[in-house]
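Asker: Please find one structure pasted underneath; my questions will follow.
The values are calculated or read from the model by the stated rules, or taken from the named source; none is laboratory data. Since the structure is predicted, the reported quantities are computational estimates derived from the model, not experimental observations. Note: ideal-geometry Cβ built from the backbone for every residue, glycine included; neighbour counts use all protein chains shown.
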There are 4 protein chains.
Amino acid sequence: MSFKKRVAVVGATGIAGQQFLAALHKHPWFEVVRLAASPRSAGKTYEEALRSPNGQVAWWQSEPIPPAYRHMRLESAPELVLSDVDIVFTAIDTDAARELEPLYAAQKPVISTASAFRMEADVPLLIPGVNSDHSAVIRLQQKNRGWKGFIVPIPNCTTYGLACSLAPLQKHFGIKLVVMTSMQATSGAGRNGGVLALDTIDNLIPYIPKEEEKVEVETQKILGSYQSGAFVNATLAVTSTCTRVPVTDGHTEAVFVATERPITVEAAKAAFSEFQPDFGTLPSAPTQFFTLHDDPFHPQPRIDRDQDQGMTTHIGRIRLEKALHGIKYVLLSHNTKAGAAKGALLVAESLCLQSFI
Amino acid sequence: MSFKKRVAVVGATGIAGQQFLAALHKHPWFEVVRLAASPRSAGKTYEEALRSPNGQVAWWQSEPIPPAYRHMRLESAPELVLSDVDIVFTAIDTDAARELEPLYAAQKPVISTASAFRMEADVPLLIPGVNSDHSAVIRLQQKNRGWKGFIVPIPNCTTYGLACSLAPLQKHFGIKLVVMTSMQATSGAGRNGGVLALDTIDNLIPYIPKEEEKVEVETQKILGSYQSGAFVNATLAVTSTCTRVPVTDGHTEAVFVATERPITVEAAKAAFSEFQPDFGTLPSAPTQFFTLHDDPFHPQPRIDRDQDQGMTTHIGRIRLEKALHGIKYVLLSHNTKAGAAKGALLVAESLCLQSFI
Amino acid sequence: MSFKKRVAVVGATGIAGQQFLAALHKHPWFEVVRLAASPRSAGKTYEEALRSPNGQVAWWQSEPIPPAYRHMRLESAPELVLSDVDIVFTAIDTDAARELEPLYAAQKPVISTASAFRMEADVPLLIPGVNSDHSAVIRLQQKNRGWKGFIVPIPNCTTYGLACSLAPLQKHFGIKLVVMTSMQATSGAGRNGGVLALDTIDNLIPYIPKEEEKVEVETQKILGSYQSGAFVNATLAVTSTCTRVPVTDGHTEAVFVATERPITVEAAKAAFSEFQPDFGTLPSAPTQFFTLHDDPFHPQPRIDRDQDQGMTTHIGRIRLEKALHGIKYVLLSHNTKAGAAKGALLVAESLCLQSFI
Amino acid sequence: MSFKKRVAVVGATGIAGQQFLAALHKHPWFEVVRLAASPRSAGKTYEEALRSPNGQVAWWQSEPIPPAYRHMRLESAPELVLSDVDIVFTAIDTDAARELEPLYAAQKPVISTASAFRMEADVPLLIPGVNSDHSAVIRLQQKNRGWKGFIVPIPNCTTYGLACSLAPLQKHFGIKLVVMTSMQATSGAGRNGGVLALDTIDNLIPYIPKEEEKVEVETQKILGSYQSGAFVNATLAVTSTCTRVPVTDGHTEAVFVATERPITVEAAKAAFSEFQPDFGTLPSAPTQFFTLHDDPFHPQPRIDRDQDQGMTTHIGRIRLEKALHGIKYVLLSHNTKAGAAKGALLVAESLCLQSFI
């Protein structure tokens, strides 16, 4: 690829937008040419926009702000000009996404972290390696809506790890039922209206609004098939309880699976191990799709989350599930890498290979 | 009750033993007359035994050491004299319990926090209000073993809250299957060989050795029946994943229940609300057996655990469970109060009322 | 006291206001008759006002909302009627205090947690037992401002423990210089604009806006004298660094003191031990003004903060300070009890005894 | 450098030893050829030695165990053969160091993290870039003790950052007095006998045995001079309070400095900025010796510690210190990188350049 694709990041000042910038820094295929945020930040440099009156710079990544972005001027998201842009990455809330993403998609490919369009009938919910063939619906979407571009959202960060882990099980054994309890990191709660320190010191919160609904329907769509121009949901039932725990990054999920056909621990391990999509040279792809742990005390979020660029899905504690006739295990997935910005980059890279971008 | 029962606490220097002393301080029915610990502490005063060479006093409760105990001399647990004692509370590990508790039980009632005898055929696993009638097996135990006293263990702290919450559901709707994921406090891990700070800052541990096995078999025994001299286990299947989270006290459990008969959220709430055993004047009994939460963000361990002396079981997020045909909810139970020393006191109080003590 | 004083709490829905309500619940001298908040909450019941659209009830205390307040209707703070009120407790921000407190003080005594009036020349900054005689300025304040009531603010929560601990040292040894580093709890940061979970998991924040300035000037005023109608600041120099650590409640301070006259560890301990103001029957007074710790691993916030109703100041690690010629120690003070609402109640109780209320 | 130096790591299974292995993995100059631990581990492979009976592998780094070490056999530390070794890195406790390090030093250079020999008159306490000239004492040490090798310890991890930050101030302004309060990470407490989770959830510990004494004397030695065969301590007075806070890695220190000559904030910043030792191509040297922060909310341990390989010293909140006539600031230093294994590597690299190794 001799020239880099030119990228706009919308919602660049928020925590998810910052993760995009960190992930795009020195990206071999993509180059950030435009940053956009709410109209009140428009015209400021990126660094100015992050600085609050008390001197605090609201940059929450552990690498400093890449110098290339410091002095870029923010544009107003509703007025963003896309003529010189090849891909738009959006890191904005649902309401803003519902309004802005169609404007962008009329012209250019939009890869979105928002939930606004995930469940639409002509929109794929892509996890490269799991349901890459769902991208075929993009042509239909463009035709339906008269767009030159398109919208491809990534799944909810909690759905991401669950759907990855279920894919090889469904393929080899069939899945009837999934019971999942998540212990989610606080970074997913965002900065504004986020979880306060008082909530998570010596505490956990047993509820995350709208999360369980998303996990349940998104999993069925991702694991479903796209046939003759329509999605057919997977028939598996999914039930979950989603909680917030005092962890910065890394969602842990305790999963119980009832399979359609008999399964053993060894067969499950083999299914996970063999599941290694051919990502070719995609820069954001994990080296290993799954990282299996024999030590029952792993995966642990702080210790394991950053392995393999935060893009591998960790699976541990695989045991036979006698009550449900299946298996149970614990997974760990990096919610702000694989499950967010970096995962969106992988989707974009994958769509480049498939020539949608 | 004009005279107080005289009590010995074995394992008095450990964290569970300290919880006994805190709970027994100013107890209206019980009076501590003997403290025992390992032979190497014998002869020291209680305070001396807690003091390490660097000056640290290893007392981990938030109330100071009650003055009455400071200067009591510790006895060697294997040589403990029980002639002037009415009840022995033990807070020792499984191996020690297996050896010492029969010695004590030959003479006196032993209420134990250890797992050593929980699953024996002539030993009840008591939760007052849930299976108080199981105490009938005590007479058989005494006969079988030729003991004047007896052993009554309390359940594992994670089993405790789960079994409490299942009792009214089983009674009204029947239970086929329970899928549970626990998020357990670190205090349960004890002091020696316990969980280190590094393990639980920005982290969680997805495994607690032997915990899941205990939860599964103990629940079946507690919810079973005692008939014609034998326990009949409840037929419900129980499967679980037990994890350790950065919380000091209070075990949270996400529970999914398949019921035998149809259930609604309202019916479940009614079943919990009506379940209010008659504890009479037992000093350690909760005012409300269950505390129900309508706010979906509760129960939360730090905020809710100490209500009602730490003896109530909190239930929140009751929702219909469509996938399993039943209900799902989140419970919170205080692992070092209801699920440990204070729960053991309630067992002893209850056995006093039943004239076993 | 045959009748209870009637109390209004302004800012009742915020975290500090909630602390007032928890502290006033069953108070033997005071009875809450009015609750006030911002105009947009006026007319709602207290419980309604705390409930957000997603069902969450924003009540952050570990005791449930006392039933007496649940259904009280909130009044609009700017229009609060005070005819039937004896004392106004305010828990509002500085700007609101600057505007509203004079309105209230024109009629009634106002005890304030805000910093707005702390440094005014006719306003006392009271710590009962430390500078109770400063209340004499109240008469001057009333004369100056033509008020029937008055404003008495309590100090900043970080100043509180420091000034308490310095009082006996100043009395016996004189103080030249104080160097203090605080490790402050997150509860002090409030709910709105507060510290986020991401900030304090595996982290600390080395800056609290405006805090160091307050500590430095307030300490000089509190330890100064009130003579012939004017305050004379204490001449000690105070320098500090204030940080925020992952602790919910309880401010810890590492203090280094240069004294004017020679001091020994024993003499310092004696000075602390003897410092026991005669609080008579004041309901919110600590049993011991200071709690001294010999165990060098104490005081610890989670373990020690709630002793003595959270009203005692803990002092540990008293060592000779050779470099500065004085002593050094670590103190712990409960920032939301002694240093906030409960401390304000003690001020009000003390002013009742002095017949200012 | 055409051939790599061959390295032995003693105490390889402990947390500090693991940090050595992680830091030495792919090191361009050094190659691990021998691992040693206590005699009871001798003969086991490295991975076997880390595995406990319950299946847990006690490897606490976030990178997996480098494959090169997994199957290396551990040797017994007291019997370690050094004939084919160029450098010995020790990560053992003080008592073991006192016994074993002289055995090794008789033959080979020993770089030690232990405190055993730090204060000996012929032993340098090296921080490359701060007091590199102190290495001259090595020849004297070899002569005195008849050793072919030598012992060079690194400072205590808390001393490290403090001494680094004081070096430019002393050079430009002279230092009379330093008052320091540390907020130290739990990783420094080690694994065995370490800090337990219960201690640091919602808590801090105001005492670290022996830490303050080390900081005070080591700082004077490091900032002193080596002249005519003897160390002359710097005359500055150092007083400190060392505390443990709920942070995994990164020691934060609040520092107040009285200077001999007048200082301004700008002059201090310039002194820090200009202080950039010439490390040439040393692989473990920081790119910037100091990282200065203008944002007063930084440095923060979780966000900033890993910058520049964890080898830079962060300085923030530089303010004029009026009470002591000097400046005050907050520093952050990575206790398990710059202040431990990686810092020891930098010492070794520096001694290679100086031809001591």
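Asker: Based on what the data block shows, is A:VAL215 part of a loop (DSSP other than H, G, I, E, B), within 14 Å of chain B (Cβ to nearest Cβ), touching a Leu at 6+ places or on another chain (Cβ under 8 Å) and β-branched (Val, Ile, Thr)? Explain how you work it out, then say what you get.
Answerer: On the way: part of a loop (DSSP other than H, G, I, E, B): no; within 14 Å of chain B (Cβ to nearest Cβ): yes; touching a Leu at 6+ places or on another chain (Cβ under 8 Å): yes; β-branched (Val, Ile, Thr): yes.
No: the conditions fail for A:VAL215.
Asker: Also, I was wondering about something else. Does B:VAL330 meet the test of being under 21 Å from the mean Cα position of the chain (by Cα) and in a strand (DSSP E or B)?
Answerer: yes
Asker: Then there is this: Could you check how many residues of the range D:284-303 are of a type outside the set (A, V, I, L, M) and closer than 13 Å to D:ALA338 by Cα? If you could, list the steps in order and put the result at the bottom.
Answerer: Initially, the range D:284-303 is screened for residues of a type outside the set (A, V, I, L, M), giving D:284, D:286-291, D:293-302.
Filter once more, keeping what is closer than 13 Å to D:ALA338 by Cα: D:284, D:286-290.
Counting residues in the range D:284-303 that are of a type outside the set (A, V, I, L, M) and closer than 13 Å to D:ALA338 by Cα gives 6.
Asker: With respect to B:PRO153, determine if the residue is in contact with a Ser or Thr (Cβ under 6 Å, 6 or more places away or on another chain) and modelled with pLDDT of 95 or more.
Answerer: Details: in contact with a Ser or Thr (Cβ under 6 Å, 6 or more places away or on another chain): yes; modelled with pLDDT of 95 or more: yes.
When the stated conditions are applied, B:PRO153 passes them.
Asker: I'd like the full set of residues that are farther than 26 Å from B:ASP249 by Cα and free of Cβ contacts under 8 Å to residues at least 24 places away in the same chain, limited to the range B:16-51.
Answerer: Across the range B:16-51, the qualifying residues are B:ARG40, B:GLU48.
Residues checked against (1) farther than 17 Å from B:ASP295 by Cβ; (2) modelled with pLDDT of 95 or more; (3) of a type in the set (Gly, Ala, Ser):
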| residue | (1), (2), (3) |
| --- | --- |
| C:GLY11 | yes, yes, yes |
| C:TRP29 | yes, yes, no |
| C:ARG34 | yes, yes, no |
| C:ALA68 | yes, no, yes |
| C:MET72 | yes, yes, no |
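Asker: B:GLU99 fails exactly one of the following numbered conditions: (1) in contact with a Leu (Cβ under 9 Å, 6 or more places away or on another chain); (2) over 16 Å from B:ALA42 (Cβ atoms). What is the number of that condition?
Answerer: Evaluating B:GLU99 over (1) in contact with a Leu (Cβ under 9 Å, 6 or more places away or on another chain); (2) over 16 Å from B:ALA42 (Cβ atoms) leaves (1) as the failure.
Asker: Also, quick follow-up: Of (1) away from every other protein chain (no Cβ under 14 Å); (2) among the small types (Gly, Ala, Ser); (3) in contact with a strand residue (DSSP E or B) (Cβ under 8 Å, 6 or more places away or on another chain), B:SER132 satisfies all except one. Which?
Answerer: So B:SER132 meets the others, but not (3).
Asker: Moving on to the next point. Could we say that B:GLU75 is outside the structural domain of B:PRO283 (by TED's automatic domain parsing) and loosely packed, with under 15 Cβ neighbours inside 10 Å here?
Answerer: Numbers: outside the structural domain of B:PRO283 (by TED's automatic domain parsing): yes; loosely packed, with under 15 Cβ neighbours inside 10 Å: no.
Judged against the criteria, B:GLU75 is not a match.
Asker: Report the residue count in the range C:218-250 for those that are more than 23 Å from C:GLY326 (Cα to Cα), within 14 Å of another protein chain (Cβ to nearest Cβ) and part of a strand (DSSP E or B).
Answerer: Going through the range C:218-250 one residue at a time, the tally reaches 2.
Asker: What are the residues in the range D:291-311 that are of a type in the set (A, V, I, L, M, F, W, C) and either more than 17 Å from the chain's Cα centre (by Cα) or within 8 Å of another protein chain (Cβ to nearest Cβ) (or both), if any? Can you show your working first?
Answerer: We begin by selecting, within the range D:291-311, every residue of a type in the set (A, V, I, L, M, F, W, C); these are D:292, D:297, D:303, D:311.
Answer for the range D:291-311, where residues must be of a type in the set (A, V, I, L, M, F, W, C) and either more than 17 Å from the chain's Cα centre (by Cα) or within 8 Å of another protein chain (Cβ to nearest Cβ) (or both): D:LEU292, D:PHE297, D:ILE303.
Asker: Give the range C:303-332 a look and list any residue that's among the β-branched types (Val, Ile, Thr) and either without any contact (Cβ under 8 Å) to a residue 60 or more places away in the chain or on the phi > 0 side of the Ramachandran plot (or both), or say none. Spell out the reasoning first.
Answerer: Start the filter on the range C:303-332 by keeping residues that are among the β-branched types (Val, Ile, Thr), which leaves C:303, C:312-313, C:315, C:318, C:327, C:330.
Passing the criteria: C:ILE303, C:THR312, C:ILE318.
Asker: Do you know which of the residues in the range B:122-167 that are surrounded by fewer than 21 Cβ atoms within 10 Å (Cβ to Cβ) and either assigned by TED's automatic domain parsing to the domain that holds B:THR235 or among the aliphatic types (A, V, I, L, M) (or both) is farthest from B:THR281 (Cα to Cα)?
Answerer: B:LEU140
Asker: Looking only at residues that are outside any helix (DSSP H, G or I) and either more than 9 Å from chain C (Cβ to nearest Cβ) or at pLDDT 95 or above (or both) in the range D:186-201, which one is nearest to B:SER62 (Cα to Cα)?
Answerer: Just the residues of the range D:186-201 that are outside any helix (DSSP H, G or I), to begin with: D:190-196, D:201.
Checking the rest, the ones that are also either more than 9 Å from chain C (Cβ to nearest Cβ) or at pLDDT 95 or above (or both) come to D:190-196.
On the way: D:GLY190: 26, D:ARG191: 26, D:ASN192: 25, D:GLY193: 22, D:GLY194: 21, D:VAL195: 18, D:LEU196: 16 Å.
So the residue we want is D:LEU196.
Asker: Taking the condition facing another protein chain (nearest Cβ under 9 Å), surrounded by fewer than 19 Cβ atoms within 10 Å (Cβ to Cβ) and within 20 Å of D:HIS172 (Cβ to Cβ), does D:ALA270 pass? Write out each step before concluding.
Answerer: On the way: facing another protein chain (nearest Cβ under 9 Å): no; surrounded by fewer than 19 Cβ atoms within 10 Å (Cβ to Cβ): yes; within 20 Å of D:HIS172 (Cβ to Cβ): yes.
No, not satisfied.
Asker: Something else now. Could you tell me whether the range A:333-344 includes any residue that is at the interface with another protein chain (Cβ under 10 Å from one of its Cβ atoms) and in contact (Cβ under 8 Å) with a residue 40 or more places away in the chain?
Answerer: Just the residues of the range A:333-344 that are at the interface with another protein chain (Cβ under 10 Å from one of its Cβ atoms), to begin with: none.
Within the range A:333-344, not a single residue is at the interface with another protein chain (Cβ under 10 Å from one of its Cβ atoms) and in contact (Cβ under 8 Å) with a residue 40 or more places away in the chain.
Asker: Take the residues in the range A:280-297 that are at pLDDT 95 or above and not polar (S, T, N, Q), then tell me which one is surrounded by the fewest Cβ atoms within 10 Å (Cβ to Cβ).
Answerer: Among them, the one singled out is A:PRO283.
Asker: For the range D:254-265, enumerate the residues that are in a strand (DSSP E or B) and more than 9 Å from chain C (Cβ to nearest Cβ). It would help to see each step written out before you state the result.
Answerer: At the first step, the residues of the range D:254-265 found to be in a strand (DSSP E or B) are D:254-259.
Hits for the range D:254-265 are D:VAL257, D:ALA258, D:THR259.
Asker: Cβ contacts < 8 Å: first residue within 25 Å of B:PRO39 (Cβ to Cβ), restricted to the range B:59-77; second residue of a type in the set (Gly, Ala, Ser) and surrounded by fewer than 14 Cβ atoms within 10 Å (Cβ to Cβ), any location; separation 6+ or different chain. Result?
Answerer: B:ARG73/B:GLY43; B:LEU74/B:GLY43
Asker: Further, regarding this structure: Quick one: which residue in D:PHE30, D:PHE3 is of a type in the set (Phe, Trp, Tyr) and crowded, with 17+ Cβ neighbours inside 10 Å? If you could, list the steps in order and put the result at the bottom.
Answerer: Numbers: D:PHE3 fails: crowded, with 17+ Cβ neighbours inside 10 Å.
Exactly one of D:PHE30, D:PHE3 is of a type in the set (Phe, Trp, Tyr) and crowded, with 17+ Cβ neighbours inside 10 Å, namely D:PHE30.
Asker: I'd like the residue in the range B:277-323 that is part of a loop (DSSP other than H, G, I, E, B) and of a type in the set (S, T, N, Q) and, out of all such residues, is nearest to A:TYR207 (Cα to Cα). Don't jump to the end; show me each part of the working.
Answerer: Residues of the range B:277-323 that are part of a loop (DSSP other than H, G, I, E, B), as a first pass: B:277-289, B:294-300, B:305-306, B:311-312, B:322-323.
Now drop any that are not of a type in the set (S, T, N, Q), which leaves B:281, B:284, B:287-288, B:300, B:312.
Numbers: B:THR281: 36, B:SER284: 31, B:THR287: 27, B:GLN288: 24, B:GLN300: 10, B:THR312: 21 Å.
Restricting to residues being part of a loop (DSSP other than H, G, I, E, B) and of a type in the set (S, T, N, Q), the top hit is B:GLN300.
Asker: Answer with yes or no whether A:ALA268 is in a helix (DSSP H, G or I), touching a residue at least 24 places away in the same chain (Cβ under 8 Å) and not assigned by TED's automatic domain parsing to the domain that holds A:ASP86. Don't jump to the end; show me each part of the working.
Answerer: On the way: in a helix (DSSP H, G or I): yes; touching a residue at least 24 places away in the same chain (Cβ under 8 Å): yes; not assigned by TED's automatic domain parsing to the domain that holds A:ASP86: yes.
For A:ALA268, the condition - in a helix (DSSP H, G or I), touching a residue at least 24 places away in the same chain (Cβ under 8 Å) and not assigned by TED's automatic domain parsing to the domain that holds A:ASP86 - is met.
Asker: Sticking with this structure for a sec: Just checking, does the range A:6-15 include any residue being over 26 Å from A:THR281 (Cβ atoms), more than 14 Å from chain D (Cβ to nearest Cβ) and basic (Lys, Arg)? Before the answer, list the steps.
Answerer: Narrowing the range A:6-15 to residues over 26 Å from A:THR281 (Cβ atoms): A:10-15.
Okay, now just the ones that are also more than 14 Å from chain D (Cβ to nearest Cβ), so A:10-14.
Filter again for basic (Lys, Arg), leaving none.
The answer is no; no qualifying residue exists.
Asker: Out of all the residues in the range C:38-49, is one or more under 28 Å from C:ALA338 (Cβ atoms), in the same structural domain as C:GLY11 (by TED's automatic domain parsing) and of a type in the set (Lys, Arg)?
Answerer: The answer is no, given that none of the residues of the range C:38-49 is under 28 Å from C:ALA338 (Cβ atoms), in the same structural domain as C:GLY11 (by TED's automatic domain parsing) and of a type in the set (Lys, Arg).
Asker: I've got another one for you. Any chance you could count how many residues in the range A:119-163 are among the small types (Gly, Ala, Ser) and in a loop (DSSP other than H, G, I, E, B)? So that I can check it myself, show each step before the final result.
Answerer: Of the residues in the range A:119-163, the ones among the small types (Gly, Ala, Ser) are A:121, A:129, A:132, A:135-136, A:146, A:149, A:161, A:163.
Remaining after also requiring in a loop (DSSP other than H, G, I, E, B): A:121, A:129, A:146, A:149.
Residues meeting the conditions: 4.
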